[in-house]
Amino acid sequence: MASVSLPPKFPIFQHDATSPRSSEVTNHVFTLFPLLPAELRIKIWRSTLQRQRIIQVVLSPVNEAEDHYIIDGSLDTPNGEEFIAEVGGYNTISKLMRVNKEARHEALLFYRLHLPCRFIKPWEIKAQPEACRRGVLYFNPEYDFLHIFHTKDNGDSPSSLRTLSNFVYHLKTTYDCRHVGLLNLALDRDPAKPDWRAGAVRFHDSFDASDLPAGIDTTLRATLEQLHEVFFVFRTPIVRDSDWPDEDQFDLLHSTLLPIWSASPNFERAGQDPRHGVSESLQENSSFYWFGLDSALNDWNCLLAKLDLPLLNSGSRSQTHYSCGLAYSVDSALTWESFVRESVAKPQHYVFNMETARNYLCLQQKRSGRTNSGEWMPTFGFWLFRLPEGIEHISRFRNSYVDANGIQRIRHSAPDLTKVWSELLVANLY
């Protein structure tokens, strides 16, 4: 019988202080756990729950959502909400909900905010969902980030901000028993303008907070003022010496060590990226598209100015920490390719766990013709660059381009991103 060559298991970097290069998880069964004192068991449950997540949420005005769903007011908008929240991603419901009664009780206490929603698959974030099931998003404002998207018809008008205002109002006043609401926020400006769902809620000049219903305007101001962290997330292909992403994205990804976007909501903060060669990658002229960085920051500042809040780059004292997140996205690379090749993102392009991560890397390895990955240790997550001090070092465009005469020209010197490089966020794929 002919031997079968199996694809190698990539040594994917996971943030694990005890064994950072380990690619396997060893399952240990502790049979005496039920015999521990109740106080100790509860402490263990709570320690397990104290993890950060980035949860993707698509906001749709109710009148727009009626085109896609049969709205049942008692289930979808029980408190008069003017939005439908659709939650994408994978494993947004804690496994402790299904362990036993004690674990579920602690999980429900920890994730104290219970928001009625519709669950959608991650690849439907930017495509009209075929079917959505009703559910509840359980999250903890002190730990979790909400990654806010808008629907296509809601993005370029003041209605997007009214929808966002209504959303943060109900988070704070209706669903949070402590009346805290949103503390951590992620926004992105996706290049996929033609898509049904297309990135962050955007500012519109005609928006006037004073036109909001009583209480909602003050809640919006209070929420934005209390934010702990805001990530502006940029998911990008990689380019080099051409106006379009190279077909062999795997080869460029191998060279730049750019983290890969994952649909898994769970992540760990790894501090400075410990992988070999990262510093060199950030100093070289490997080029990333910073899609709409200036406009995204300008939109955010325009909203803050409307509400008389400190601007991002004003030097005013603010408790909010801003960062710009960067990750390689198969989704965004395919968006660029679609302009010339009619390619579309498919489920196999999304990573949820270690198995799908390895399958994706093996698929890209086969596509590129590489026979081995060498010492490359990819990771899934994204880099974070602190703002506003990092803005001047971040290039919106690639560094070189080919002019109308076919001559390669340099726009400016390559940015040295090590000057603003602060940390790596690693998706937890286990």
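The values are calculated or read from the model by the stated rules, or taken from the named source; none is laboratory data. Predicted, not measured: the structure shown is a model, and the values here were computed from it. A quick note on method: Cβ atoms are made from the backbone with ideal geometry, for glycine too, and the neighbour counts reach across all protein chains shown.
Before moving on, here are some points about what is shown:
- Within the stretch 157-207, the only residue that satisfies the criterion of being at pLDDT 90 or above and among the acidic types (Asp, Glu) is ASP176.
- Scoring GLU142 on the criteria (1) modelled with pLDDT of 70 or more; (2) surrounded by fewer than 19 Cβ atoms within 10 Å (Cβ to Cβ); (3) not in a loop (DSSP other than H, G, I, E, B) leaves a single failure, condition (3).
- The combined condition, being over 25 Å from MET377 (Cβ atoms), small (Gly, Ala, Ser) and at pLDDT below 80, is not fulfilled by SER329.
- Across the stretch 18-45, the number of residues qualifying as at pLDDT 85 or above and closer than 30 Å to ILE120 by Cβ comes to 1.
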